[in-house]
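Worksheet: the structure to be examined is printed underneath.
The values are calculated or read from the model by the stated rules, or taken from the named source; none is laboratory data. Just so it is clear, the model here is predicted, and its values are computed rather than measured. As a convention, Cβ positions derive from the backbone with ideal geometry for all residues, glycine included, and neighbour counts pool all protein chains shown.
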Amino acid sequence: MTKYNAKETLVSHFKPFILDDGLEIKRVEDIPRALTLREGKRRTGMEGPVHSHEWGQLLYASEGVMQVMAQGSIWVIPPQRAVWIPPGVPHSMKIIHTITMRNVYISPDAMKGLPPVCQVMFVTPLLRELIAQAVKFPPLYDENGAEGRLANVLLDCLKSAPSTALHLPVPDSGPIQHIANHLKDNPADPATLDEWAARLGTTTRTLARNFKKQTAMTFGQWRQQARLLEALSRLASNQPISHIAQDLGYSSQSAFSAMFKKALGVTPGQFFNNET
């Protein structure tokens, strides 16, 4: 059972159990199966400290929105998406809007075909329903029966799940780190890279080069992505779209909606109802 301390930090507890042959299972990674799932509720504002797993993990919430930090990037994850985290990768999370978590842990022996790096995966309706069924399995489900066959289909669906660009690389040094920190708190700031160069006493070319080097994005691409992820967080909190557009620096709600649809394929109003 998962408990929460006074600081609203997530602390995960795994209840040990003993197999018929007397072997004690103390961790998820000790379960002799290709995959195992865990379900639980997490409240808005709770945070999980940096940690890692020996198994691969699909960090997925069937309801609500969370923010995940790993490998120098930030992801904002709504219900139709999940973050794939390979074994040994340190990560942390923050709950933006109360979630129903359905994590899938995958043994390294069953991971062939899965990405070697973190990425956001689209949770198709089929994958969503497979996870909803598999989370009800006992830890020692019958590998040779219906449960084992469903687990194999789940793995196949996961390995073919399309990825989506919902991450924001985080600059970790130099003037562009200052710019990034400022824009996280002030996403509507319209300053150009020329203006930032003047503010920071450097050159536009230097800033542009460092943005590309540290984030693999141009300054304009990075700022738009930062605004997009902030928009997702606000939409999850049911803020009016017109207010979000204004707060993020867009000239109109239609301009904001056009950017959002170009990036994610649906309008802001459709996004959390999108089942395709």
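Of note:
- Matching residues in segment 247-260 - criterion: being surrounded by 12 or more Cβ atoms within 10 Å (Cβ to Cβ) and either in a helix (DSSP H, G or I) or polar (S, T, N, Q) (or both): Asp247, Gln253, Ala255, Phe256, Ser257, Ala258, Met259, Phe260
- Residue within segment 229-245 that is among the acidic types (Asp, Glu), outside any helix (DSSP H, G or I) and within 30 Å of Leu127 (Cβ to Cβ) present: no
- Pairs, first outside the structural domain of Lys94 (by TED's automatic domain parsing) in segment 62-83, second crowded, with 21+ Cβ neighbours inside 10 Å and outside any strand (DSSP E or B), C-beta under 9 Å, six or more apart: none
- The sole residue among Val11, Val76 that is surrounded by 14 or more Cβ atoms within 10 Å (Cβ to Cβ) and either within 20 Å of the chain's Cα centre (by Cα) or modelled with pLDDT of 80 or more (or both) is Val76.
- Flag if Ser62 is polar (S, T, N, Q), closer than 24 Å to Glu147 by Cβ and surrounded by fewer than 21 Cβ atoms within 10 Å (Cβ to Cβ): yes
- Arg227 under 15 Å from Asp189 (Cα atoms), touching a helix residue (DSSP H, G or I) at 6+ places or on another chain (Cβ under 7 Å) and of a type in the set (D, E, K, R): no
- Subset tally (residues that are in contact with a Lys or Arg (Cβ under 9 Å, 6 or more places away or on another chain) and either closer than 20 Å to Ala258 by Cα or loosely packed, with under 13 Cβ neighbours inside 10 Å (or both)) for segment 176-211: 3
- For Val89, the criteria (1) assigned by TED's automatic domain parsing to the domain that holds Gln224; (2) farther than 30 Å from Asp194 by Cβ; (3) β-branched (Val, Ile, Thr) hold in every case but one, which is (1).
- Some residue of segment 189-210 being outside the structural domain of Ile106 (by TED's automatic domain parsing) and under 24 Å from the mean Cα position of the chain (by Cα): no
- Of Gln214, Gln221, all but one fail to be surrounded by fewer than 19 Cβ atoms within 10 Å (Cβ to Cβ) and either within 21 Å of Pro169 (Cα to Cα) or modelled with pLDDT of 95 or more (or both); the exception is Gln221.
- Some residue of segment 235-246 being under 26 Å from the mean Cα position of the chain (by Cα), without any contact (Cβ under 8 Å) to a residue 24 or more places away in the chain and surrounded by 19 or more Cβ atoms within 10 Å (Cβ to Cβ): yes
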